[in-house]
Each structure stands twice: as structure tokens, then as C-alpha cells.
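Worksheet: one structure, shown below.
The values are calculated or read from the model by the stated rules, or taken from the named source; none is laboratory data. What you are looking at is a predicted structure, and each value in this text was computed from that prediction instead of being measured. We place every Cβ from the backbone using ideal geometry, glycine too, and count neighbours over all the protein chains shown.
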Amino acid sequence: MQASFAYNGNRMRVTISGGTGFVGGRLLAQLLPAGASVHLLTRQLRPGLPSGVVPHLWDPLREAAPPDSLAGSEALVHLMGEPVAQRWSPEIKRRIRESRVVSTRNLVSAIAMAEPRPQTLICASAVGYYGSRGDEWLDEESGPGGDFLAEVCQEWEAEALRAADLGVRVLRLRFGIVLGAEGGALARMLPLFRIGLGGRLGDGSQWMSWIHAGDLVGMILFALRYPHIQGVWNAVAPNPVTNAEFTGTLARILKRPAVLPAPEFGLKLLFGEGAEPLLASHRVRPLAAEAAGFRFQYGGLHAALRHLLKS
């Protein structure tokens, strides 16, 4: 990014939750060189934070964010959430829900008490909002699904929208599968695919709406720069693929076979109810981002994977 971040001629201050995670780390790496002042909401202090980051301890399930973490901030970026890709139990499902819904509620409570209030809240959500819809094309106007993750996303977004009632600009980003070699779904796949033991999930017909991590961070930065952007954006590349296409493309780039599919019954034995997101079909378009003028660097899967794997 070439231009610096400024607000009314001054250095922009951005508060980030989840800033030590996969996406948050990439966001920090872009904001700091661009001149933003970054405050980090974190559950525990970590050594080795980049110079220029001010950490603030926060228990997101028990209390509002600390006032000094928001003081003077023009924008908040909320990225916290318990990982979904694990075997679900009642306790894990509770953590998945509360880490998103309750943390957002407590962040908005802090916004309500801040003086002056931040002008912008960019809050993560997920394409799980739509539920599994087979081959149906989905965009930001499509209605919600009725499964567990769809319900969580609806509650999550409802909490974020409480900030709009306070006069704050709110953008909800419905993340697809975020691709990066250093984290997320791709990093979990790579060890098996590199030794030739990868393959499709189930019959491979389910649609995967994905996004290169660099494009996702680019969306966040774009939204920070342009104050008219609000509402909902699908944070996905414009070209979703089926799971069979995804795994085949990955295997070809790695020059490895992909002949060992994970059958649906095996996934359900391993992950229980948590297999549902692995088999869900989300064929999602990023119409709002494209209409706003956002340009993807990696709109096609082959180019995205080649870049991430330096192939």
C-alpha cells in the first residue's frame, strides 16, 4: 500500500481484536507501514508484537472492552472467533457461539461508552450465514440458512448492527474460506497433499467460496479508506469452485496425486456434527465489493494457490 492512513489530517488510529491471528497478523503488517496507529485487544499479552502496536488485555466474554483501547480510535476491526474446524461437542458449540456473539456484544457496549465514539466498525462474519444451498448462487441479498452456523452468524451480525444504532458505520464481512500458506484451511491441508495423501471431501460436489488472505486484508483496508462503505460484503473471490476442483488444482500445483477421498461417513466419525461445514455448499458472489470498485488481485484459484505456494 502506497498511501498513508490518515483521518482529518492526523494519523489514523485503528483498534483490532483478533490481531494476533492468521488474518489479523496480515492486517497489522499492512497497517503499520502505512502509518496507522494500532491498538490491539488481546486475551493475553504476547511477546514479539510489532513495534508500534499497543496491546490491551480484554476478556471478551466477561466485560466490555477497556476504555483506553478505544479512546481516540476512528475504527474498530473485530476478528475474534473460536475455530470452527474441530470436532463439535456441546462445549465447543457454546464456545463457537459465545466467542462471536458475546464478544461482539461486549465490544459494542464499549463503543456506547466511548467519548468520542469510533466512526467505523468492521466485523467479521461468514458465508455460513446462508446455510448449505447446493448449486444455488448466493449474494448479499440472499436470505439466511437455518443450521447452527447460520444461526450463529445471524446473532453475530445482529450484535454488530447495534453499533449502527449508536451512529457508527458498520460493515459486516462474510468470510469465505481464507487461503494462506501460514494458516487457515490451506495450511491444514498442505501436509497431507504434499505427501500424496490428499483428496476430495465426500463426493467433492460441494461449492467452496474462497478468498486469498491478501485480498481479504485488501477489502478491510479498502473499507477503512472509504467512509461510504457499509452494510454487508461477501468476502469471497468471484470464482467459487467445487471441492473436487479445489483439491485437484492444489494437487496439480504440488505435483502430487489426489486420489484418497475422505468419505462423508469417515468425516462424520472424525468430526461428528463438526463435519457439516466441511460438506456444506456455498456458491457465493462478492457483488457488493465489486460494485464498490474493489479489485481482486487473485480472482482465480490457480493463480491464488500458485502465489501462496510460490509455485
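A few comments on the model shown:
- Test: residue in the stretch 177-191 that is of a type outside the set (Gly, Ala, Ser), in contact with a Lys or Arg (Cβ under 6 Å, 6 or more places away or on another chain) and touching a residue at least 12 places away in the same chain (Cβ under 8 Å): no
- Search result, residues across the stretch 264-292 that are under 30 Å from residue 227 (Cβ atoms) and either among the charged types (D, E, K, R) or touching a residue at least 40 places away in the same chain (Cβ under 8 Å) (or both): 282, 284, 285, 286, 287, 288, 289, 290, 292
- Scanning the stretch 217-242 for residues that are surrounded by fewer than 24 Cβ atoms within 10 Å (Cβ to Cβ), under 14 Å from residue 285 (Cα atoms) and hydrophobic (A, V, I, L, M, F, W, C) returns 232, 241.
- Among the numbered conditions (1) crowded, with 17+ Cβ neighbours inside 10 Å; (2) in contact with a strand residue (DSSP E or B) (Cβ under 7 Å, 6 or more places away or on another chain); (3) among the small types (Gly, Ala, Ser), the only one that residue 72 does not meet is (1).
- Flag if residue 99 is touching a Ser or Thr at 6+ places or on another chain (Cβ under 7 Å) and among the polar types (S, T, N, Q): no
Every residue, every condition in (1) assigned to a loop (DSSP other than H, G, I, E, B); (2) within 17 Å of residue 163 (Cβ to Cβ); (3) at pLDDT 95 or above, yes or no:
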| position | (1), (2), (3) |
| --- | --- |
| 1 | yes, no, no |
| 19 | yes, no, no |
| 27 | no, no, yes |
| 63 | yes, no, yes |
| 103 | no, yes, yes |
| 110 | no, yes, yes |
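For (1) in a helix (DSSP H, G or I); (2) aromatic (Phe, Trp, Tyr), each residue gets a yes or a no:
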position	(1), (2)
237	no, no
246	yes, yes
250	yes, no
256	no, no
267	yes, no
270	yes, no
278	yes, no
294	no, yes
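- If the condition is being part of a helix (DSSP H, G or I) and touching a residue at least 24 places away in the same chain (Cβ under 8 Å), then the stretch 165-176 contributes only 166.
- For the stretch 247-302, the set of residues classified as touching a helix residue (DSSP H, G or I) at 6+ places or on another chain (Cβ under 8 Å), surrounded by fewer than 17 Cβ atoms within 10 Å (Cβ to Cβ) and among the acidic types (Asp, Glu) consists of 264, 273, listed by residue number.
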